[in-house]
1. Amide H of residue 134: which non-local residues (sequence gap of 5 or more, or other chain) have their own amide H closer than 5 Å, using H built in the peptide plane?
2. Sorted from largest to smallest, which semi-axis lengths in Å does the alpha carbon gyration tensor of the range 37-164 give for its equivalent ellipsoid, taking the root of 5 times each eigenvalue?
3. How much length would be gained if the chain were fully extended between residue 16 and residue 44, taking 0.36 nm per residue of separation minus their Cα-Cα distance, in nm to one decimal?
4. Evaluate 2.2 N^0.38 Å with N set to the residue count of the range 16-73, then give the Cα radius of gyration divided by it.
5. Grab the DSSP H runs of the chain that are 4 residues or longer, score each as -39,500 (n - 2.57), total them, divide by all residues and round the 222 nm result to the nearest 500 deg cm²/dmol.
6. At 0.36 nm per residue, minus the direct Cα-Cα distance, what do residue 136 and residue 8 gain on full extension? Give it in nm, one decimal, please.
7. Using only the alpha-carbon atoms, how far is helix 3-30 inclined from the longest principal axis of the chain? Give it as 0 to 90 degrees, nearest 10.
8. Against the longest alpha carbon principal axis of the chain, how many degrees, from 0 to 90 and to the nearest 10, is the axis of helix 58-72 turned?
Amino acid sequence: MGRHTDEVIEELAARAAIEDALHTYCRGIDRLDPDAVAAAFHPDGVLVDYGSGDPVPAAQFAGYACKKLGQAYTATQHRVTNIKVERDGDTALVESYVLAYHVEDDDDGHALHTFAGRYIDTFTRRDDRWRIARRVLRVDWTRRDPWEGSMRGSYVPSGRDRTDPVYTERPTPPGDVNA
């Protein structure tokens, strides 16, 4: 392969690793798994402008956020889209649009909190692993709506811990429907 092809492969591999870290964060925050949330960051990673005014270590944020989300909401779903990666060697500025839904059950019924904003992340590659070194959050808009009816109907609810099938299921061979 020529040098150009190697560069393209390296760029695609970096982008895939960055997107995987973003998705790991979303899984962790929705399954209330602080280890998965922290895994998206380097051990010394920080979150800046998250409301407290001071940078917050990612590991500290992971535990706090999972606990608070578990107490306040019966379900959350975070989605990242429009991921723009501007890479320069072992560093990348990554802007991701985030749309997060938070379901609240209280004495008044259900409410759906919707958050639309952006993660502005500085990713770095260390020991051949792309992780977030620094995260800034910006809000574009939020909304809270009353919600009538059932959340789940006849569906089995998602687990908000390691009992969820994403942790317990393993790939089965093709055609093995009874596994």
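All of the numbers you see were taken from the coordinates with simple rules; none came from a lab. From a predicted model like this one, the values you see are computed outputs, not experimental measurements. When we count neighbours, we look across all protein chains shown, and the Cβ atoms used for this are built from the backbone with ideal geometry, even at glycine.
1. 46, 122
2. Values: eigenvalues 182, 51, 43 Å².
Result for the range 37-164: semi-axes of 30, 16, 15 Å.
3. This chain segment gains 7.9 nm when fully extended.
4. On the way: Rg = 11.1 Å, N = 58, 2.2 N^0.38 = 10.3 Å.
Taking the Cα Rg and dividing by 2.2 N^0.38 Å, one obtains 1.08.
5. -9500 deg cm²/dmol, from helical runs alone.
6. Length gained between residue 136 and residue 8: 43.2 nm.
7. Approximately 20 degrees, to the nearest ten.
8. 20
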